[in-house]
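Asker: What follows is a structure written as structure tokens; I'll ask about it next.
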Amino acid sequence: MTNDDRSNETSSESRTTPAPKKAKGGVDVVDASDDQLVVRLRERFGEAITSAVSMVGQRIVTVTIESVSEVLAYLKSDDEFRFNLLLDVTAVHRPEEDPQFELVYQLCSTTTLERVRIKTGLADGAPAPTVCGIWGTANWLERECYDMFGIVFEGHPDLRRILLPDGWEGHPLRKEYPVEFRENRWIAENLNIHALPDDADFSGKVEI
Amino acid sequence: MSSDAPNASEHVFEHTEMLLNMGPQHPSTHGVLRVLLKLDGETVVDLDCDIGYLHRGVEKICEHDTYPMITPYFDRLDYVAAINGDLVYVEAVERLMGVEVPRKAQYLRVILAELQRITSHLLWLATHALDIGAATIFLYTFREREEILKIIENFIGARLTTHAFRIGGFEWDANPEFERDVRAFLDMFPGRIDEYETILSENRIWLARTVGIGVLSAENAIDIGLTGPVLRASGVKYDVRRAAPYSTYPEFDFEIPIGETGDTYDRYLVRMQEMRQSIRIVQQALDGLPEGDVMAARVPRVIKPPAGEVFHTNESPKGEIGVYLVSDGTNTPYRLRVRPPCFVNLQALKQLAIGHLMADVVALIGTVDIVLGEVDR
């Protein structure tokens, strides 16, 4: 039995028996429709703003994927808000939901010190619009998103892997990608690791 | 010499571009950073950073670990400022859970975080100066850094990868000598900063290597997402301790030093000033140190934050470090994203270096102040 087989076996096991979910009520989610920023966004973009809530005192605005780059460009250029600092671009993978991906943009203004989180849903395999033209920061952050989730940013000037080596297989932060060590072709070819002891435990599982 | 022989001067002065590989094993790249340089003579024409040599998949591992197990991973992101990494993580979890941390623990956290900021800046100063050629300062800053590491070791039990905080406060109270040791350091240290400045601030070689090198305008710095001293040196007064206050920072009186021109020399000045401000904060926190417990009373034994999400950021010595935590109500995070200041700041290297000399690239890597553990995660 090769190591590849074994690790695939354990990972499929862990997929069929998910960790027990004992969610007791979540964090209080407050409707933020009255917020000045949300009112202005709704006036301008209407139906494109699908929800606006506040969680632990932080504003979260959900936007449709078609208009996300317009909304972000507006938030940056508008004189009232001036969200000139893009802190982060990342994604969350929820395989059981539709759409599977959620793109998350953390915005901040260095003048008003306001903050807002813009989220948008993205189907698996669908392209996302790049925001490199709006903030230079987005270049590397979107490359990391591509590397980790396989999200393709349309119009990105230099979309290639950033943390993982070229030729790596898979995108590790997708939920179906196992956390266990996998002896894949890249590792065998480049790092000269061909076999592991039979009793090696890479499951990384914790029982509490 | 025959007349049809090629003209020697034409050949020598012909413009030719050369590709030079710097790193990953190179002393001035501060870890395993590989920089590909396209040179025209000695001038940098283009540059590409190759990172990921230290990628350990921390974000993926965190999805499979319980909340208390994750804290030590944050020590190993920015491993020269482990306490600041711990702080942002435990605060993010506490914020999502709604845990009230006792005031004494908050004050102790501020003291440790500011002391750690000083160690980080001292290490930066030592290596940055060493890269440029000033070897003396390295010995001096390590002498003072060692004093702080001793204080941290006596309290926490470890020098570098500290695992300083628990979710809810501290595992134990400060050791009896803690206050005395910190006060002794505070008395000694300002004079030592003067010493460093005597060595460097008006040193002709230092000035020649830093003034006017890698100038960034405020607009440009914001566009590429810089935070921390690198942004403030360009004249932007943005510090998370004031912009989105956390812990007990609103209770302390301190200034945010900013630069004017945004060159390498300004970034040096800003960090030197920041060390003096950190001293002020530690002084105030020690003077006003409250009595009481150091652990919140109602922290469950099994940490299960309610389903929801939070984006919490801190001012680390390198810039704005953030944790985006998505919880599904179980004992492991559904998604944990680290917003790494070093990763984002390193992106500026290309803009900084183009047009400068090859030798300046070394100074510019130093001035951005990166730690590859956090860049690669």
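Asker: Hey, how many Å between the Cα centroid of the stretch B:125-174 and the Cα centroid of the stretch A:106-172?
Answerer: 35
Asker: Among DSSP beta bridges lying fully in the protein assembly as shown, give the percent that are antiparallel, nearest 5.
Answerer: Restricted to the protein assembly as shown, the bridges split so that about 90 percent are antiparallel.
Asker: Give me the percent relative contact order of the stretch A:30-191, please, defined on Cα pairs under 8 angstrom at least 6 residues apart.
Answerer: Values: 278 pairs, mean separation 25.2, N = 162.
Over the stretch A:30-191, the number comes to 16 percent.
Asker: How large is the charge dipole for the stretch B:80-120, taken about the Cα centre, if only the Cβ atoms of Lys, Arg (+1) and Asp, Glu (-1) carry charge, to the nearest 20 debye?
Answerer: Values: 5 positive and 5 negative charges, 24 e Å.
In debye, rounded to 20, the stretch B:80-120 gives about 120.
Asker: Then there is this: For a quick check: sort B:K237, B:K318 by the number of other beta carbons within 10 angstrom, fewest at the front.
Answerer: Details: B:K237 15, B:K318 30.
In order of increasing Cβ crowding within 10 Å: B:K237, B:K318.
Asker: Do the sum for chain B: with -39,500 (n - 2.57) for every DSSP H run of n ≥ 4, divided by all residues, what is the mean residue ellipticity at 222 nm, to the nearest 500 deg cm²/dmol?
Answerer: When only DSSP H runs of four or more count, the value is -14500 deg cm²/dmol.
Asker: Additional query: Give me the dipole magnitude in Debye, nearest 20, for the protein assembly as shown about the Cα centre, with unit charges on the beta carbon: positive for Lys and Arg, negative for Asp and Glu.
Answerer: With only Lys, Arg, Asp and Glu charged at Cβ, the dipole is about 1180 debye.
Asker: I would also like to ask the following. May I ask which residue of A:F101, A:I118, A:A91 lies farthest towards the positive end of the charge dipole of the stretch A:81-121, with charges of +1 (Lys, Arg) and -1 (Asp, Glu) on Cβ and the Cα centre as origin?
Answerer: Projecting each Cα onto the dipole axis, the largest value belongs to A:I118.
Asker: Under a point-charge model restricted to the Cβ atoms of Lys and Arg (+1) and Asp and Glu (-1), what is the dipole moment magnitude of chain B relative to its Cα centre, in debye to the nearest 20?
Answerer: Numbers: 37 positive and 55 negative charges, 217 e Å.
Dipole of chain B, to the nearest 20 debye: 1040 debye.
Asker: Of B:L20, A:V30, B:F142, whose Cα points farthest to the positive end of the dipole of the protein assembly as shown (charges on the beta-carbon: +1 Lys, Arg; -1 Asp, Glu; origin at the Cα centre)?
Answerer: Farthest along the dipole direction, towards plus: A:V30.
Asker: To continue, here is another question. Among the GluC sites (Glu not before Pro) in the stretch B:204-295, which ones are in a DSSP loop with at most 14 other Cβ atoms within 10 Å of the Cβ? Mind listing them?
Answerer: Passing both the DSSP loop test and the Cβ count: B:E255, B:E260, B:E291.
Asker: Return, ordered by residue number, the residues of the stretch B:84-123 whose backbone nitrogen is under 18 Å from a label point located 7 Å along Cα→Cβ of A:D28.
Answerer: Under cut-off, by backbone N: B:94-101.
Asker: Here is a further query. For A:R143, B:R301, what's the fewest-to-most ordering of other Cβ within 10 Å of each Cβ? Don't jump to the answer; show the numbers that get you there.
Answerer: Working: A:R143 21, B:R301 6.
Going from least to most buried by this count: B:R301, A:R143.
Asker: Along the charge dipole of the protein assembly as shown, pointing to its positive end and built from +1/-1 on Cβ of Lys, Arg, Asp and Glu, which listed residue (B:V211, A:G57, B:T367) has its Cα farthest out?
Answerer: Selected residue: A:G57.
Asker: Between B:E153 and B:L186, what FRET efficiency follows from the Cβ-Cβ distance if R0 is 22 Å, with the result rounded to 0.05?
Answerer: Values: r = 18 Å, r/R0 = 0.82.
Efficiency for this residue pair is about 0.75.
Asker: Restricting to Cα pairs below 8 Å that are 6+ residues apart, what does the relative contact order work out to for chain B? Please round to a whole percent. Let's see the in-between values first.
Answerer: Numbers: 690 pairs, mean separation 98.8, N = 377.
Computed over chain B, the figure is 26 percent.
Asker: Also: For a footprinting-style exposure proxy, rank B:D50, B:D253 by other Cβ within 10 Å, fewest first.
Answerer: B:D253, B:D50
Asker: So, in Å, what gap is there between the alpha-carbon centers of the stretch B:321-361 and the stretch B:85-99?
Answerer: Spelled out, the Cα-based centre of one part sits 19 Å from the other.
Asker: Compute the distance in nm between two label points, each set 7 Å from the Cα along the Cα-to-Cβ direction, one at B:E171 and one at B:Q25.
Answerer: If labels sit at B:E171 and B:Q25, their model points lie 3.6 nm apart.
Asker: Separate question: Shielding by partners for B:328-335, please: the mean number of other protein chain Cβ atoms within 10 Å of each residue's Cβ.
Answerer: Going residue by residue through B:328-335 and averaging, the value is 5.
Asker: Taking the 0 to 90 degree range and rounding to the nearest ten, how far is the long axis of helix B:264-287 tilted relative to the main principal axis of chain B, both from C-alpha atoms?
Answerer: 10
Asker: To continue, here is another question. Please determine, in degrees from 0 to 90 and to the nearest 10, the orientation of helix B:103-132 with respect to the longest principal axis defined by the Cα atoms of chain B, where the helix direction is its Cα long axis.
Answerer: 10
Throughout, read-outs are computed from the coordinates displayed, never taken from laboratory work. Quick caveat, the model's predicted, so the values are computed rather than measured. Quick reminder, even Gly has a Cβ in these numbers, built from the backbone with ideal geometry, and neighbours come from all protein chains shown.
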